[in-house]
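Let me begin by presenting the structure, written as structure tokens, before commenting on it.
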Amino acid sequence: MSWLVDTCVLLDILQGDPVFGPASSRTLDRLAPEGLEISPVTSVELAPYFLGDSQRQETFLRDVGIMVSSSWDIAARRAAEAAWAAHIDAKRKGLAAKKPIADVLIGALALHHDGLVTRNPADFRRHYPSLRIVEPD
């Protein structure tokens, strides 16, 4: 299988963040032998940083050793639907503020990988408590 990489981890590297960039790079280097992928959502979220130039984005991802996941299937869709429905229910009851649709979709796909690499574990654990998460160290 492989690890799904959250957008924030790639932005750490792409933007050369002095605090998080090195930790994110080390973590991806350590997990690379197991395989690294991003969700289609992350691919879309990254596009503005490459001014919509798909070739530049693909070159960056290839250089980092990451592929775009093609494993979105019925199980991932159902997990995302259930998590989003639960979130909207909580929001209607005043128990949730943010609309994390990107996190819901990324987390659902991560369930069908080895887990998720992210700096924002709480954003995913509330929807997917069983999701295996690695934080950059």
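The values are calculated or read from the model by the stated rules, or taken from the named source; none is laboratory data. Because the structure is predicted, anything quoted here is derived from the model rather than measured. Cβ: placed from backbone, ideal geometry, glycine included. Neighbour counts: every protein chain shown.
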(message) Only one of Gly16, Gly21 is in contact with an Asp or Glu (Cβ under 7 Å, 6 or more places away or on another chain), free of Cβ contacts under 8 Å to residues at least 24 places away in the same chain and either crowded, with 21+ Cβ neighbours inside 10 Å or farther than 20 Å from Ala102 by Cα (or both). Can you tell me which?
(response) Gly21
(request) Return only the number of the condition from (1) within 16 Å of Asn120 (Cβ to Cβ); (2) more than 14 Å from the chain's Cα centre (by Cα) that Ile38 does not satisfy. (result) (2)
(request) Identify all residues within the stretch 26-55 that are free of Cβ contacts under 8 Å to residues at least 60 places away in the same chain, more than 20 Å from His112 (Cβ to Cβ) and either assigned to a helix (DSSP H, G or I) or not aliphatic (A, V, I, L, M) (or both); write none if there are none. (result) Asp29, Arg30, Leu46, Ala47, Pro48, Tyr49, Phe50, Gly52, Asp53, Ser54, Gln55
(request) Return yes when Ala79 is touching a helix residue (DSSP H, G or I) at 6+ places or on another chain (Cβ under 8 Å) and modelled with pLDDT under 95 and no when it is not. (result) yes
(message) Is it the case, given these coordinates, that Glu58 is over 20 Å from Val134 (Cα atoms), within 16 Å of the chain's Cα centre (by Cα) and not small (Gly, Ala, Ser)?
(response) no
(request) Working only within the stretch 42-90, note down all residues that are surrounded by 16 or more Cβ atoms within 10 Å (Cβ to Cβ) and more than 19 Å from Ser24 (Cβ to Cβ). (result) Trp72, Ala76, Ala79, Ala80, Ala83, Trp84, His87
(request) Considering only the stretch 24-41, state which residues are hydrophobic (A, V, I, L, M, F, W, C) and buried (at least 17 other Cβ atoms within 10 Å of the Cβ). (result) Leu28, Leu31, Leu36, Ile38, Val41
(request) Quickly run through the stretch 92-132 and pick out the residues that are among the charged types (D, E, K, R), at pLDDT below 95 and assigned to a loop (DSSP other than H, G, I, E, B). (result) Lys93, Lys98, Lys99, Arg126
(message) What pairs come out if I take residues in the stretch 108-132 that are in contact (Cβ under 8 Å) with a residue 24 or more places away in the chain and pair them with residues that are of a type in the set (A, V, I, L, M, F, W, C) and surrounded by fewer than 16 Cβ atoms within 10 Å (Cβ to Cβ) whose C-beta lies under 7 Å away, six or more apart or interchain?
(response) His112/Ala75; His113/Met1; Asp114/Met1
